[in-house]
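Participant: Shown below is the structure under consideration.
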Amino acid sequence: MIPSVRPAVLEDVPSIARLFLESFDPDLHPFLTQAQRGASRFMSLPFLYPHMHGHHRVYVVTISGRIAGYADFRLMSSGQGFLSYLAVASWARGRGLASSLIHKFLSAEPMTTLTLDVFTSNVAANALYEKIGFSHGPVTTWATRELPEATVPEAIGAFSVQQAAFDTYGFSEFLTESGSSPERFGRIGHRVLRCFNTSTFENDRQLARVRASFPQMKIAFGTFDSNTMPAVPHEVIVRSERRVLTVSPQANPSGPSSETKLETQYHDED
Ligand SMILES: CC(C)(COP(=O)(O)OP(=O)(O)OC[C@H]1O[C@@H](n2cnc3c(N)ncnc32)[C@H](O)[C@@H]1OP(=O)(O)O)[C@@H](O)C(=O)NCCC(=O)NCCS
């Protein structure tokens, strides 16, 4: 059977959510918003409210009608694309499907660059991106630390709204209300507190207060580049690298629906 790539539709979301989950090491699930229990609901949003997600492009590749892989792209400003995630089911790997998903996006959109983040330890994905021609870029470190003991509960802005988001999707964001300026945090599942910068990750006093607001929280989590690594003791869980593909003008000479120069080989014997 010849694989076929098409834009994703709402009905594909459960398969996409399953592929996402299956493609990650379970040890990383606690730190991924889209691995939480409301992931399918969250992934449905671009299909339910397309007018709010005009920059979003999701493609699936099917074999005999069965979803074998998907890729989730964003259109950034001025011809820049971002590949948010790409996964092929284990039973369908090694047949050129990931390449065909990237090829489809580049031939449909007049891109000058395509950027992505990939774990440095991901041999298959790095080989794929190397083959296509993505350059190497800066490395980001994912790190965790145990939260300090809870003290006085932090005041949480719009508490009930963030709680509704948390109950729906399994993750949420909030702003603290004490102190001179609000600080932004995220909740990923019940145990993980997402810190968006080094100073909040290092701030024992504030972390202890946030933990008191959400008593099941145990771990602070953040992503840092080499210049912003936290000074407090932490555990490195994984590293990702930013990689960029410069798309040659010949690759998409007339924009949408033209062919790219990326080779797409289907090795399907069915
Ligand atoms: C990475 C992944 C998407 C590749 O999908 P795929 O459909 O098997 O990839 P393709 O068949 O298009 O491979 C194209 C090229 O990538 C390289 N490649 C792919 N898988 C490889 C592997 N396991 N080992 C070494 N090279 C590999 C090869 O150069 C291959 O070309 P070749 O078949 O001519 O040798 C797939 O393994 C996957 O879903 N992994 C889990 C999720 C993931 O890591 N996603 C990437 C997130 S950044």
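Every number in this text was worked out from the coordinates using simple rules, so none of it is lab data. Everything numeric here is computed off the predicted structure, so don't read it as measured data. We place every Cβ from the backbone using ideal geometry, glycine too, and count neighbours over all the protein chains shown.
Participant: What residue among 150, 231, 212 shows peak mean-square fluctuation when the chain is described by a Gaussian network model with Cα springs under 10 Å?
Facilitator: Checking each option, the largest mean-square fluctuation is seen for 231.
Participant: Shifting gears a bit: Suppose we flag trypsin sites (Lys or Arg not before Pro) only when DSSP calls them loop and at most 16 other Cβ atoms lie within 10 Å. Which is the longest uninterrupted stretch of the chain? Before the final figure, lay out the partial values.
Facilitator: On the way: sites that count: 37, 93, 191, 218, 261.
Here the longest run is 94-190.
Participant: Each residue of region 216-225 in order: what ³J(HN,Hα) in whole Hz does its phi give by Karplus 6.51 cos²θ - 1.76 cosθ + 1.60, θ = phi - 60°, with x for Gly and Pro?
Facilitator: Per residue, the Karplus-derived 3J(HN,Hα) values read 7, 5, 10, 10, 9, 9, x, 10, 9, 8 Hz.
Participant: Across region 187-195, in residue order, what do the Karplus-derived ³J(HN,Hα) couplings come to in whole Hz, using 6.51 cos²θ - 1.76 cosθ + 1.60 with θ = phi - 60° and x for Gly and Pro?
Facilitator: Residue by residue, region 187-195 yields 10, 10, x, 7, 9, 10, 9, 7, 9 Hz.
Participant: Compare 80, 216, 163 in a GNM of the chain, Cα atoms joined below 10 Å, and give the one with the largest fluctuation.
Facilitator: 216
Participant: Under 5 Å between amide hydrogens, which residues at least 5 positions from residue 120 or on another chain qualify, with H placed 1.01 Å from N in the peptide plane?
Facilitator: The answer is 239, 240, 241.
Participant: Give me the net charge of residue 173's neighbourhood, meaning all other residues with Cβ under 10 Å from the Cβ of residue 173; Lys, Arg count +1, Asp, Glu -1.
Facilitator: Here the count lands on +3.
Participant: Let me ask another. Can you tell me the mean projection area, over all orientations, of the convex hull of region 181-239's alpha carbons? Units nm², please.
Facilitator: Value for region 181-239: 4.4 nm².
Participant: Give the distance, in whole Å, between the Cα centre of region 126-177 and the Cα centre of region 1-37.
Facilitator: Region 126-177 and region 1-37 have Cα centres spaced 19 Å from each other.
Participant: Further question: Using the Karplus equation 6.51 cos²θ - 1.76 cosθ + 1.60 (θ = phi - 60°), what ³J(HN,Hα) coupling, rounded to whole Hz, does each residue of region 29-38 give in order, writing x for Gly and Pro?
Facilitator: Whole-Hz 3J(HN,Hα) from phi for region 29-38: 3, x, 9, 10, 4, 7, 9, 8, 5, x.
Participant: Of 189, 212, 151, whose Cα points farthest to the positive end of the dipole of region 148-217 (charges on the beta-carbon: +1 Lys, Arg; -1 Asp, Glu; origin at the Cα centre)?
Facilitator: In region 148-217, that residue is 189.
Participant: Next up: According to the square roots a ≥ b ≥ c of the eigenvalues of the Cα gyration tensor, what is the shape class of region 55-148, taking rounded for a/c under 1.5, prolate for a/b larger than b/c otherwise, and oblate for the remainder?
Facilitator: Oblate is the answer for region 55-148, as a/c is 1.5 or above yet b/c matches or exceeds a/b.
Participant: Among 27, 225, 167, which one moves the most in a GNM of the chain with springs linking Cα atoms closer than 10 Å?
Facilitator: Taking springs between Cα atoms under 10 Å, the residue moving most is 27.
Participant: Across all directions of projection, what mean area in square nanometres is found for the Cα convex hull of region 10-71?
Facilitator: The number I arrive at for region 10-71 is 4.6 nm².
Participant: While we're on this one: Please report, largest first and rounded to whole Å, the three semi-axes of the ellipsoid equivalent to region 148-217, where each semi-axis is the square root of five times an eigenvalue of the C-alpha gyration tensor.
Facilitator: Those come to 18, 13, 12 Å.
Participant: Then there's this: Check residue 154: other-chain or 5+ apart residues with amide H under 5 Å from its amide H, H built from backbone geometry?
Facilitator: Counting only residues 5 or more places away or on other chains, the set is 210, 212, 213.
Participant: What FRET efficiency comes out for the pair residue 155/residue 231, r = Cβ-Cβ distance, R0 = 25 Å, nearest 0.05?
Facilitator: 0.40
Participant: Follow-up. What are the residues whose amide H is under 5 Å from the amide H of residue 89, where those residues sit 5 or more places off or on another chain and H is modelled from the backbone?
Facilitator: For residue 89, whose amide H was placed from the backbone, the distant partners under 5 Å are 69.
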